[in-house]
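Taking it in order: structure first as structure tokens, then the write-up.
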Amino acid sequence: MRDASWVRIQWHLRLASPDDSGGDPREFGLTGPGFDGVVPPAGVDRNGSDVVVRFNVMQGPRGLPLDDGVWQVVVADGRAVTPLVVTAQPGELPEGRWQLGRGEYRATPAVNADGAVAIHIELDTSIKRPRMPAPLSKRVKRFAKRWIKRRLRPVRRAVFQGVFRAARATRPAGRPRILFTSDSNDTLTGNLRLVHDDMVERGIDRQYELRKLLISRARRGRGLRARFRLPVELGRADVVVLDDFHPLVYQLDFDPRVKVVQLWHASGAFKTVGYSRIGRPGAPSPYGRAHKNYTHAIVSSVYEVPCYAEAFGIPESRVHPTGIPRMDRFFDPERRAANRESTFERFPEARGRFTILFAPTFRGHGSRGARYDFDLLDYAGLHALCVEKDAVVIFRMHPFVRRPLLIPDEYADRLLDGSGPGIEVNDLLPAMDLLVTDYSSVVFEFAALGKPMLFFAYDLDDYVSSRGFYTPYEEFVPGPIIRTFPDLLDAIRRHDYQIEKVAAFAARHLDHVDGRSADRVVDLMMSDEVFSG
């Protein structure tokens, strides 16, 4: 064994390959207490004379964390399954620790006297995450809400699952159904719309019934009709297509022939999501069912496969690098030209000028508390720079940020508000010459255009500690990192963009640049026979 390390919830075990080319016929796994089978690794990466075996301790039997006890690393060579024995003792083996709702979860690697490699798992329920005491009135209200929810939740869940099973058992004869559903939007947008429209263009809607059920809890909540219709539609669907977190779907045990396809609304692996956030505030419980019933998930490149498999708690074989449908437009010259023209029609002040898009993400947890620190913006300094460079800036704030952007009237000829309804950020990108962002996934879309970026990350240290990234931020971003607004103005003035980083970034994160990602997703969904019975 050359070395071992932890990367979030995965233990990376680096071994010497049996031959210098990296060829290794062995299959690796874990055996442990109370489990007769072998837990496969999250992945095996072969690079030259090294083999890196990755074990996700939060994905053991039944997709749950490994139970307490000693889990032996084993190898299968042919039919024989034997413990992995190493001759070279590594240095200190680091321990993994995570604060879960049930207590502190500890994973301690070890090599015993005869060289056998194992992981010792312990869940210490005596150690709980400390909480700041709330005022008494708030604690009383919180207790009352939780008391009511605890008693209503089993009833609501039983009714929901009962309607789902009844709908599945009484599914009418006819064309197979493909259901497009969202718990975040009340209109068909993004990847959902593009895949749906691709099916219609290809005539698939003549053979299969395309259904839609779109609900936005944030905007208007669920009415009684929608609450009843959702389990019925899910029970009768042969393919369920999602684009975001959808908690009611995770309660259900679908027929094995049903596909549950996650098209996820964000591109690339940037900020950690889902189970990759275990141990951080707001992370899902690894003992829960969120995300784990996806049969297929899509990503933009092979590089993203391990990240999203970890985030969703599913095997890497269920994650497919098809490319992202909503990025297809960037590889179509006609669509790029149309988006440019529509942007200039909406913002005539930008035509013929150097155009900067200021598009940061929000701060806070979720849509209710989303905010951005507008006080950092120097409108006067930015306007003066725009006059100097014959430029305009279009501000596109995250939709979660409800506080309006108040641009003083004297600067409104060069500083433009692009945060209104009906404006999609991806529609603006082809007309932009420079992107200023921070932690937004728009970086992937803009990289597809090969254009420069600046990263105004004034709160980087706080953001890293609270959110985390799959790759260290400083190594990830394809452009300069800027901490203060005066430095941002100076970087724009000097054209200090480090544009050479963009091509390498795009090559790593975008496997497909042919504009046919929607076609590949549809082909993936239709590839197996799932409509019989």
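The values are calculated or read from the model by the stated rules, or taken from the named source; none is laboratory data. Keep in mind that this is a model prediction, so the values were computed, not measured. Every residue, glycine among them, receives a Cβ derived from its backbone with ideal geometry; neighbour counts consider all protein chains shown. Areas reflect the complete protein model, heavy atoms only, side chains present, ligands, DNA and RNA absent. Shrake-Rupley method; radii C 1.70, N 1.55, O 1.52, S 1.80 Å.
Observations, loosely collected:
- Among the residues examined, F400 qualifies as open to solvent by 20 Å² or more (accessible area, probe 1.4 Å) and under 23 Å from W264 (Cβ atoms).
- Test: residue in region 209-231 that is acidic (D, E) and either without any contact (Cβ under 8 Å) to a residue 12 or more places away in the chain or assigned to a loop (DSSP other than H, G, I, E, B) (or both): no
- Members of region 456-469 found to be touching a Leu at 6+ places or on another chain (Cβ under 8 Å) and in a loop (DSSP other than H, G, I, E, B), listed by number: Y458
- In region 470-487 there is no residue matching the filter, namely being small (G, A, S) and outside any loop (DSSP other than H, G, I, E, B).
- Checked across region 165-187, the condition of being under 14 Å from V261 (Cα atoms) and either in a helix (DSSP H, G or I) or open to solvent by 60 Å² or more (accessible area, probe 1.4 Å) (or both) holds for no residue.
- Test: residue in region 275-285 that is farther than 23 Å from I394 by Cα, at pLDDT 95 or above, of a type in the set (A, V, I, L, M, F, W, C) and touching a helix residue (DSSP H, G or I) at 6+ places or on another chain (Cβ under 6 Å): no
- Residues located in region 36-51, provided they are under 24 Å from the mean Cα position of the chain (by Cα) and open to solvent by less than 40 Å² (accessible area, probe 1.4 Å): P41, A42, G43
- Residue identified as over 20 Å from A297 (Cα atoms), open to solvent by 10 Å² or more (accessible area, probe 1.4 Å), at pLDDT 95 or above and out of contact with any helix residue (DSSP H, G or I) (no Cβ under 6 Å at 6 or more places or on another chain) among D519, D487: D487
- Which listed residue, of A359, A311, A370, is among the small types (G, A, S), in contact with a Gly (Cβ under 8 Å, 6 or more places away or on another chain) and open to solvent by less than 10 Å² (accessible area, probe 1.4 Å): A311
- Unmet requirement for P286, which otherwise passes all of (1) over 30 Å from F446 (Cβ atoms); (2) free of Cβ contacts under 8 Å to residues at least 60 places away in the same chain: (2)
- Filtered by the rule that a residue be under 11 Å from G450 (Cα atoms), touching a residue at least 12 places away in the same chain (Cβ under 8 Å), of a type in the set (A, V, I, L, M) and assigned to a helix (DSSP H, G or I), region 488-514 gives V502, A503, A504, A506.
- Any chance L454 is aliphatic (A, V, I, L, M) and more than 30 Å from P281 (Cα to Cα): no
- Among the residues of region 289-304, those identified as within 22 Å of G515 (Cβ to Cβ) and either hydroxyl-bearing (S, T, Y) or free of Cβ contacts under 8 Å to residues at least 60 places away in the same chain (or both) are A297, V299, S300, S301, Y303.
- Number of the condition not met by F331 [criteria: (1) open to solvent by less than 10 Å² (accessible area, probe 1.4 Å); (2) of a type in the set (A, V, I, L, M, F, W, C); (3) under 24 Å from the mean Cα position of the chain (by Cα)]: (1)
- D528 open to solvent by 10 Å² or more (accessible area, probe 1.4 Å), in a loop (DSSP other than H, G, I, E, B) and at pLDDT below 95: yes
- For beta carbons closer than 6 Å, sequence separation of 6+ or different chains, a first residue in region 443-466 that is over 19 Å from R494 (Cα atoms) and open to solvent by 40 Å² or more (accessible area, probe 1.4 Å) and a second that is hydroxyl-bearing (S, T, Y) and assigned to a helix (DSSP H, G or I), there are no qualifying pairs.
- Residue ID - most open to solvent (accessible area, probe 1.4 Å), chosen from residues in region 74-96 that are in contact (Cβ under 8 Å) with a residue 40 or more places away in the chain, part of a strand (DSSP E or B) and out of contact with any Pro (no Cβ under 7 Å at 6 or more places or on another chain): V81
- In the set (1) assigned to a loop (DSSP other than H, G, I, E, B); (2) crowded, with 18+ Cβ neighbours inside 10 Å, the condition left unmet by L192 is number (1).
- Pairing each residue of region 360-371 that is modelled with pLDDT of 85 or more and of a type outside the set (A, V, I, L, M) with any residue that is open to solvent by 40 Å² or more (accessible area, probe 1.4 Å) and not in a loop (DSSP other than H, G, I, E, B), provided the two are 6+ apart or on different chains, yields C-beta distances under 8 Å for F362/R371; R363/R371.
- Restricting region 232-277 to residues that are of a type in the set (G, A, S) and not in a helix (DSSP H, G or I), the residue that is most open to solvent (accessible area, probe 1.4 Å): A266
- Residues (in contact with a Ser or Thr (Cβ under 6 Å, 6 or more places away or on another chain) and either over 15 Å from A269 (Cβ atoms) or among the aliphatic types (A, V, I, L, M) (or both)) located in region 284-304: I298
- Pairs where the first residue, in region 35-52, is touching a residue at least 60 places away in the same chain (Cβ under 8 Å) and the second is outside any strand (DSSP E or B), C-beta under 6 Å, 6+ apart: G43/P306; G43/E316
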